[in-house]
1. Using the Kirkwood radius built from alpha carbon pairs, what does the Stokes-Einstein equation give as D for the stretch 140-272 at 20 °C and 1.002 mPa s, in µm² per second?
2. Beyond 32 Å between alpha-carbons counts as too far, so tell me which of Lys103/Lys141; Lys300/Lys360; Lys300/Lys353 fall in that bin.
3. Across bins of 10 angstrom width beginning at 0, how are the C-alpha pair distances of the stretch 136-199 distributed, in whole percent?
4. Please list, ordered by chain and number, the residues whose modelled amide H lies under 5 Å from the amide H of Leu148; skip anything fewer than 5 residues away on the same chain.
5. ³J(HN,Hα) across the stretch 244-252 via Karplus (A = 6.51, B = -1.76, C = 1.60, θ = phi - 60°), whole Hz, x for Gly/Pro?
6. Note the direction-averaged projected area, equal to a quarter of the hull surface, for the Cα convex hull of the stretch 206-257, in nm².
7. Could you tell me the accessible area of Val28 in Å² (1.4 Å probe, neighbours in place), rounded to the nearest ten?
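The values are calculated or read from the model by the stated rules, or taken from the named source; none is laboratory data. Predicted model only: the values in this text are computed from it and were never measured. Side chains are part of the model used for accessible areas, which takes the heavy atoms of the whole protein and leaves out ligands, DNA and RNA. Shrake-Rupley method; radii C 1.70, N 1.55, O 1.52, S 1.80 Å.
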Amino acid sequence: MADNTDISTQPSVDIAQQINPEEHDKAVSNHETGEASSIAALIDAVAPHDASASELTIDYNPWAEFDLNESKGNAASGDAGIEFIGETEPVEIVDNLAISTNKSEDLDLVQRPTAQGEQFLTVLGSEKAPTQLSYELDLPKGSELKQLDDGSIEISAPTNVEVDLPGEDQRIEAAVAEVFGTKITSLDDLDNITDEQFDELASIPDVETKTITQMQPLATIEAPWAVDGAGNAVNTNYTLDGNTLTQTVEVGADTVFPVVADPSWTWWAEKGAKCVGSLVTLGAFGYAKISLGIAKLVTKMSKASKTSSLGKAYAAWNKLGTSNKAKFNELIARAKNFAQDVVKKGASSAFAKHRKQSTKSAAMLVLLREGGLVVASVFGVKSCFEVVREVWK
């Protein structure tokens with residue numbers, strides 16, 4: 001990982017305006033360092049529970065590594081994790097919070113899943129609590145961290161991607177035009193395709209590609225925030241020394257304790273946004289490449305056993321419409337809607353909604369999951385496939 005030793009000071013994200021004063025005042029007055037129920041009440045008053053997040057169980061490890069891979073075979077292979085540096089008591093699960101504490105320093109540590117990733121909250125109980133909170137980052141080899149304008153930190157890692165060799169787009173366009181007798185100008189041209197033309201398209205040699213390594217964003221450590229016992233925002237910032245991320249909370253004479261501070265780790269939103277982007281730009285492939293992709297995809301799927309993954313993907317493809325054009329449009333529209341929900345609501349919530357929404361929405365998910373990298377590579381929607389694969393295990 002790049003040695004970014006100087007991440008400039010940024011003001012705290014002001015969440016004070018989102019706090020319900022009455023609930024917060026009650027939670028502050030009842031707060032006691034190391035007392036789990038009072039900590040849970042304080043956290044919920046400052047940052048309410050995310051109903052779309054997964055529920056914790058008693059064997060939950062709050063500092064477990066979690067997968068940030070773009071695919072299982074790329075250069076960024078390896079899990080990522082974050083761990084608080086300091087002495088803590090064993091974890092207790094309360095109201096979907098993993099709580100540990102250091103009573104000698106009036107410090108409580110709280111971790112919970114969110115729809116988009118993980119949230120790490122610290123509660124500074126008094127003036128003797130440490131104001132510099134450090135976390136050890138365990139990231140894929142070659143990772144880089146970049147601070148964004150809002151104070152958040154983007155995590156990128158080298159990822160292997162396939163790109164077309166020079167001249168391949170022109171070759172494909174010419175070959176497809178020869179099959180159709182004219183240049184493909186819209187998806188409407190696919191509606192009247194004959195079986196013979198379909199076979200001819202599928203027999204065109206695959207696009208020749210090469211593998212290159214690019215830095216791709218994998219996750220974001222969101223801009224820090226802190227709020228004191230009076231409901232006022234407290235300035236806070238990040239610094240980075242090698243793999244150690246430190247959040248400094250700038251308490252002063254006017255600060256009212258307890259203070260709640262937070263860094264959150266998000267990655268569903270990153271993948272969801274990338275999925276949306278890949279679907280929006282899919283037309284840039286050109287209709288010739290799309291028609292060739294459909295022909296090759298359908299040919300591979302139709303020849304597969306019905307009980308195999310590709311066979312199940314083919315059954316899902318056929319549920320999307322009555323023509324190749326209709327199926328393709330349905331796939332893109334429903335996948336785009338799914339990805340937008342991932343960004344807004346988180347992967348688990350989006351998956352549950354679309355799996356039950358309709359036959360076609362469910363078919364889209366099955367196609368992305370069972371078709372796997374075959375579908376992903378044909379249509380350039382690997383990030384969409386990754387989202388479905390990670391949440392549907």
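1. 107
2. Among Lys103/Lys141; Lys300/Lys360; Lys300/Lys353, the Cα-Cα distance tops 32 Å for Lys103/Lys141.
3. It works out to 15, 26, 16, 13, 23, 7, 0, in whole percents.
4. Close amide H contacts, sequence-distant or interchain: Ile153, Glu154.
5. Each residue's phi maps through the Karplus curve to give 9, 9, 10, 9, 9, 9, 8, 7, x Hz.
6. In nm², the orientation-averaged hull projection of the stretch 206-257 is 6.7.
7. 30
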